[in-house]
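Heads up: the structure comes next, in structure tokens.
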Amino acid sequence: MHHSDTDIELKVLMEAIYMKYSYDFRDYTGASQKRRVLHALREMECDSISALQARIMHEPAAFSTLLQYLTIPVTSMFRDPTYYAALREHVMPVLRTYPSLKIWIAGCSTGEEVYSMAILLKEEGLLERSMIYATDINPQSLEQARKGVFPLDAMREYTENYQAAGGTRSFSEYYTAAYNAALFDSALRDNVTFADHSLATDAVFAETHLISCRNVMIYFKKKLQERAFGLFHESLCHRGFLGLGSKESIDFSAYAPAFEPVNKRERVFRKR
């Protein structure tokens, strides 16, 4: 099997990142990763992947910059509204039976999903008794998520999503508009802990009732997917819920028998 120089350099770069920074991109899928690294090369003005590797080995700041290109967030509030509608219908009534709740949003990116979940919990009367862990491997995304500031011109799309997800209020109640930005009500994040966490290298959060990990595993190869499913299975309490992204499934995983579908179309599962 013939490997191009680019492929070899790419493999060595990912190995170096893993050894120096413990971020594991070694099992991510090929084509999109290559595209992102080549884009980063141009933006960071490096002549080759090897030159980029030399930089990140000696400059942690350069690694942070590269990380932005390797983990590009594609997200919006109440994205795939039918997913949230399924949570509202099937999951919230069960969560209501617990005196306190732990919810883990894994790969929370810039926070759109965190605020969507907080709004859903609030409308279901569950936010007060919930502890939400919002984790991501990208520190800059987490910083943005903490602020709760989103572009004002996205609000029309978010409002439509919210309504399609079965929202019961006027979406504009949740934010204040200022300077072309929408600032979300800080009470929504009172019970949120934002934390740096990698599904590739870090351990579990104990006893969670619901884990939502959407559109993260599409970038994982099989081995890393299995590790993530293992973490989720270990972290969920007895009969806890797992929500995945629209292009993701647990079907072909070794963990498939450990979960039952609650709403297969919306990728909502429950630990057996």
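The values are calculated or read from the model by the stated rules, or taken from the named source; none is laboratory data. Keep in mind the model is a prediction, meaning the values are calculated, not measured. Backbone-built Cβ (ideal geometry, glycine too); neighbour counts: all protein chains shown. SASA here: full protein model, heavy atoms, side chains in, ligands and nucleic acids out. Shrake-Rupley method; radii C 1.70, N 1.55, O 1.52, S 1.80 Å.
List of remarks:
- Annotation: for a label point projected 7 angstrom from Cα along Cα→Cβ of V74, residues of the range 195-227 with backbone N closer than 19 Å are 213-222, 225.
- Accessible surface of the chain [probe 1.4 Å, protein heavy atoms]: carbon and sulfur percent: 52
- Kyte-Doolittle mean at least 0.0 and Cα axial length at least 18 Å: DSSP H helices in the chain: 5-21
- Computed FRET value (nearest 0.05) for E123 with E45, which takes r as the C-beta separation and R₀ as 51 Å: 0.60
- For the residues H233, H209, a 1.4 Å probe over the protein chains yields an accessible-area ranking, largest first, of H233, H209.
- Since only I105, H238, H197 are under comparison, the one whose Cα sits farthest along the positive direction of the charge dipole of the range 81-271, derived from C-beta charges on Lys, Arg, Asp and Glu, is H238.
- Among [x] 55, 50, 27; [y] 53, 41, 34; [z] 80, 47, 40, the entry that matches Cα extents along the principal axes in Å as calculated here: [x]
- The range 171-211-the range 220-264 distance, computed between alpha-carbon centres (Å): 22
- For the listed residue pairs K223/K247; K102/K221; K34/K223; K102/K271, the alpha carbons are over 23 angstrom apart in K102/K221.
- Most mobile listed residue (H58, H197, H238) in the chain, GNM with C-alpha springs under 10 Å: H58
- Modelled FRET efficiency - R0 45 Å, E173 with K20, Cβ distances, 0.05 increments: 0.45
- Computed over the range 205-260, the quotient of the alpha carbon radius of gyration and 2.2 N^0.38 Å is 1.03.
- Theoretical FRET efficiency, 1/(1+(r/R0)^6), r = Cβ-Cβ of N180 and K222, R0 41 Å, to 0.05: 0.45
- Fully extending the segment from R239 to R156, taken as 0.36 nm per residue of separation minus the present Cα-Cα distance, adds 26.2 nm.
- Rolling a 1.4 Å probe across the protein heavy atoms gives the range 81-271 an accessible surface of 43 Å² per residue.
- Gaussian network model of the chain, Cα within-10 Å springs - most flexible of E59, E234, E15: E59
- When the Gaussian network model of the chain links Cα atoms closer than 10 Å, the mean-square fluctuations of L242, L120, L183 top out at L183.
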